[in-house]
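Here the structure is laid out as structure tokens; the discussion comes afterwards.
The values are calculated or read from the model by the stated rules, or taken from the named source; none is laboratory data. Just so it is clear, the model here is predicted, and its values are computed rather than measured. Every residue, glycine among them, receives a Cβ derived from its backbone with ideal geometry; neighbour counts consider all protein chains shown. Heads up: the accessible areas ignore ligands, DNA and RNA and are worked out on the full protein's heavy atoms, side chains in. Shrake-Rupley method; radii C 1.70, N 1.55, O 1.52, S 1.80 Å.
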Amino acid sequence: ARCGMSPSVARLRREELRTALKNIIGKAAELGTNAITIGGDLYEHDRVSNDTINFLRGQFEAAAPVPVLIAPGNHDPLSPGSPYRLTNWSANVFIFSDTELTPRPLDTGITLWGAAHNSPSFRANLFERFRAPSEGTHFALLHASDVTCVPSGKEAHCPFSADQIAQTRISFALLGHYHRASLFPESQPLYGYPGSPEPLGFDEDGAHHVLLVETEGNRVYPRLIPIN
């Protein structure tokens, strides 16, 4: 294997990654969450197996009736042959399919705006011209790159700036892409990355998290919870 793992160690690590999702589903139930969101890169399109997709389907079905909302990213794009399209997901699973931000009302009174990558090379800035309605509470779910965090030599996927999000009138943006957890700005966060729930490389040590976002009226209270 390219990472130097023996087959037995690789199998163990794959099982640990599956356990991570089970733990997240369990944590969501423990906390009484109203929705579970996934900001893309749930799997690697070029390597995913039917066994993995069946596992994901079973875990999401076990979370019912809590909705599971997914915004496909650059590693799991909503391409014609995507398992997102070909799998008979349970009724509580909703996968954003448009390449523009589209609304999905939640039972909590929040409207979640999400979009999908339709290919690994999708680069559009979806926040630049987007404005949420002035009425109601609005969140966003997207696989996107904060331009201040793009590693040297890497291309940005759905790049955005903090100022652009501030102008959208959304209360909070739930973002996927970077593996490290972060909230911006720290004093009163407007968007955040939970990061990957488990390390995905030998350089990703330390705690990894899920992101819990609670609302009270127009106030938003996000916090990172260690999960790995």
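A few notes on this one:
- Subset of the range 1-33 (residues that are under 21 Å from TYR193 (Cβ atoms) and within 18 Å of the chain's Cα centre (by Cα)): LEU17, ALA20, LEU21, ASN23, ILE24, ILE25, LYS27, ALA28, THR33
- Filter result for the condition that a residue is under 22 Å from ASP46 (Cβ atoms), touching a helix residue (DSSP H, G or I) at 6+ places or on another chain (Cβ under 8 Å) and not small (Gly, Ala, Ser), over PRO197, PRO151, PRO185, PRO120: PRO197
- Evaluation of TYR84 against the conditions (1) of a type outside the set (Val, Ile, Thr); (2) more than 13 Å from PRO120 (Cα to Cα); (3) in contact with a helix residue (DSSP H, G or I) (Cβ under 8 Å, 6 or more places away or on another chain) shows that the sole unmet condition is (3).
- Here ALA115 passes the criteria (1) closer than 23 Å to THR215 by Cβ; (2) at pLDDT below 95; (3) small (Gly, Ala, Ser) except the one numbered (2).
- Matching option when the condition is within 30 Å of ASP98 (Cβ to Cβ) and modelled with pLDDT under 90, among LEU17, LEU42: LEU17
- Selection count where residues are in contact with a Pro (Cβ under 6 Å, 6 or more places away or on another chain), more than 22 Å from THR215 (Cα to Cα) and of a type in the set (A, V, I, L, M, F, W, C), scope the range 130-187: 1
- Of the criteria (1) within 16 Å of the chain's Cα centre (by Cα); (2) within 20 Å of PRO197 (Cα to Cα), which one LEU78 fails: (2)
- Which numbered condition ILE165 misses (of (1) β-branched (Val, Ile, Thr); (2) within 22 Å of LEU126 (Cα to Cα); (3) in contact (Cβ under 8 Å) with a residue 40 or more places away in the chain): (3)
- Subset of the range 103-118 that is of a type outside the set (Val, Ile, Thr) and closer than 13 Å to ASN34 by Cα - its residue that is least open to solvent (accessible area, probe 1.4 Å): LEU112
- Unique residue being of a type outside the set (A, V, I, L, M), under 30 Å from GLY206 (Cβ atoms) and open to solvent by 70 Å² or more (accessible area, probe 1.4 Å) when the list is GLU186, GLU135, GLU100: GLU186
- The lone exception for ALA91 - which of (1) among the hydrophobic types (A, V, I, L, M, F, W, C); (2) more than 29 Å from ARG219 (Cα to Cα); (3) surrounded by 16 or more Cβ atoms within 10 Å (Cβ to Cβ) it fails: (3)
- Output for the range 164-183, where each listed residue is open to solvent by less than 60 Å² (accessible area, probe 1.4 Å) and over 16 Å from SER145 (Cα atoms): THR168, ILE170, SER171
- Screening LEU86 against (1) modelled with pLDDT of 95 or more; (2) within 17 Å of the chain's Cα centre (by Cα) leaves a single unmet condition, (2).
- Restricting the search to helices (runs of 4 or more DSSP H) fully inside the range 1-88 and requiring at least 2 residues that are open to solvent by less than 30 Å² (accessible area, probe 1.4 Å) and in contact (Cβ under 8 Å) with a residue 60 or more places away in the chain gives 7-31.
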